[in-house]
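Step one of this worksheet: look at the structure below.
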Amino acid sequence: MSKENNIKKISFEKGVRLSKSTAYLFYEFENATDINITNLDTTNVQLMDWMFYNCSSLKTIDLSKMRTDNATYFGCMFRGCSGLTSLDLSTFTSYKAIYMDRMFMDCKSLTKACFLPATNLAPNCYSRMFQGCESLKYLKVAFESWTNSTNATLCWVVEVPEGGLFEGPDS
């Protein structure tokens, strides 16, 4: 058993400033039930991909203090977090985001996702974003336009059940 599998709770003292990347920071911490990142300063972080990959015991996480102003990569950030039931990403900004592909892939318990805003949609940016989110019932998207977004939403909601409430920015 790896050391990551023994950790149940993670928290940080106030004033911890992260540099360019949080990629793989909590990668495969499968038994972590509480990851408190409210004291982390992520202002300068550009790469957030794979950050919580396969943290399957997490049911919720407070992202309200997380700064994403400079982040460009969110790909697979929550992939495999099968215990998550909802996420509030309303404080996220993603104006510099290039890739958010597979961000929530296989979050099987996710029922609600308030989606982060994005204005720059790169090709395949949202590819397979919610694939395998078999419990998803509510999704609010905040991006303003599909213009210039070749394949931006390729297979966006594969394996998501029909029905539920899916709101756009004008809803």
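Residues that are under 26 Å from ASP106 (Cα atoms) and small (Gly, Ala, Ser) within the stretch 1-47 comprise SER2, SER11, SER21, ALA23, ALA32, listed in sequence order.
MET48 passes every criterion in (1) farther than 17 Å from LEU139 by Cα; (2) out of contact with any Asp or Glu (no Cβ under 9 Å at 6 or more places or on another chain); (3) surrounded by fewer than 21 Cβ atoms within 10 Å (Cβ to Cβ) apart from (3).
Just checking, how many residues over the stretch 23-40 are closer than 14 Å to LYS9 by Cβ and among the hydroxyl-bearing types (Ser, Thr, Tyr)? Total satisfying the criteria: 2. Of all the criteria given as (1) β-branched (Val, Ile, Thr); (2) open to solvent by less than 40 Å² (accessible area, probe 1.4 Å); (3) more than 23 Å from MET129 (Cα to Cα), the one not satisfied by THR72 is (3).
Looking only at residues in the stretch 79-97 that are open to solvent by 10 Å² or more (accessible area, probe 1.4 Å), part of a loop (DSSP other than H, G, I, E, B) and under 13 Å from LEU63 (Cβ atoms), the one that is modelled with the highest pLDDT is THR91.
Quick check: anything in the stretch 35-45 open to solvent by less than 40 Å² (accessible area, probe 1.4 Å), closer than 17 Å to TYR99 by Cα and assigned to a loop (DSSP other than H, G, I, E, B)? Yes, the stretch 35-45 contains at least one residue that is open to solvent by less than 40 Å² (accessible area, probe 1.4 Å), closer than 17 Å to TYR99 by Cα and assigned to a loop (DSSP other than H, G, I, E, B).
Considering only the stretch 1-34, state which residues are exposed (fewer than 11 other Cβ atoms within 10 Å of the Cβ) and of a type in the set (A, V, I, L, M). Listed by number, the list holds a single entry, MET1.
The values are calculated or read from the model by the stated rules, or taken from the named source; none is laboratory data. Values in this document were obtained by computation on a predicted structure and should not be read as measured data. Neighbour counts run over all protein chains shown; Cβ positions are idealised from the backbone, glycine included. Note: areas computed on protein heavy atoms with side chains; ligands, DNA, RNA excluded. Shrake-Rupley method; radii C 1.70, N 1.55, O 1.52, S 1.80 Å.
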